[in-house]
1. Treating only the Cβ of Lys, Arg, Asp and Glu as charged (+1, +1, -1, -1), what charge dipole size does the range 1-99 show about its Cα centre? Round to the nearest 20 debye.
2. About its Cα centre, how strong a charge dipole does the chain have in debye, to the nearest 20, once Lys and Arg get +1 and Asp and Glu get -1 at the Cβ?
3. Give me log10 I(q)/I(0) at q = 0.17, 0.18 Å⁻¹ for the chain, Debye formula, one equal scatterer per alpha-carbon, no solvent.
4. Quick check: the angle from helix 2-15's long axis to the longest principal axis of the chain, C-alpha only, nearest 10 degrees?
5. Residues with beta-carbon under 11 Å from that of residue 98, excluding residue 98: net charge, scoring Lys, Arg +1 and Asp, Glu -1?
6. Could you grab the relative contact order for the chain? Cα pairs under 8 Å, six or more apart, rounded to a whole percent.
7. Give me the distance between the Cα centres of the range 1-49 and the range 64-88, rounded to whole Å.
8. Helix 48-65 versus the longest principal axis of the chain: what is the Cα-based angle in degrees, 0 to 90, to the nearest 10?
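Just so it is clear, none of the values below were taken in a lab; they were calculated from the coordinates. Just so we're clear, the structure is a prediction, and the values are computed from it rather than from any experiment. Quick reminder, even Gly has a Cβ in these numbers, built from the backbone with ideal geometry, and neighbours come from all protein chains shown.
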Amino acid sequence: MLKILISIFMFFVLIILQFVIPKYFSIINIYPNFILIYIVFIGLNKGSIKGELTGFFYGLIWDILSTDIFGIRTLTFTISGYLSGRFNKKLDKKQSLTQVIVMLFSLLIVQFGTSLIYLIVRTETPYPYFEITYNTWGQMLCNLILAPIIFKGLFYISEKKIIKN
């Protein structure tokens, strides 16, 4: 029962961090992708199946709450969760460099997957995702800087047996 309550609490915290906070506290439209950081954390620590399912669930919620092409985040987050979970037993997940590299890999998957889908689906005007702007680099850098900090907090929570396997 406690595990379910903590999962529900974590869900609401992530939704608030991802969708409410950036509207009020973003610097020049640059803000971290808290949901992707959490998906990578789950994938690295609990394996590819849990990472994939977490990516699918949060991607589906993101698609429901946004006006983007439906399924775009579900697909890219599922792939990111699965692939980050493949590194579960191969890498030292508590090392900051490992977290940054896997996070960079996941950010590139989401960025270019989204760009490719927009390139295929959109017909009216070309979507500027393939243009690498300061905003794209800024968001990637913001995520890469915050990922080890958030991972440390999530490791602390999971080691205290608040979030159980």
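1. Dipole size: approximately 420 debye.
2. Value, rounded to 20: 840 debye.
3. -1.07, -1.20
4. Once rounded, the angle reads 30 degrees.
5. Once all neighbours under 11 Å are counted, the net charge is +2.
6. Across the chain, relative contact order equals 25 percent.
7. After rounding, the separation between the Cα centres reads 13 Å.
8. For helix 48-65, the angle is close to 50 degrees.
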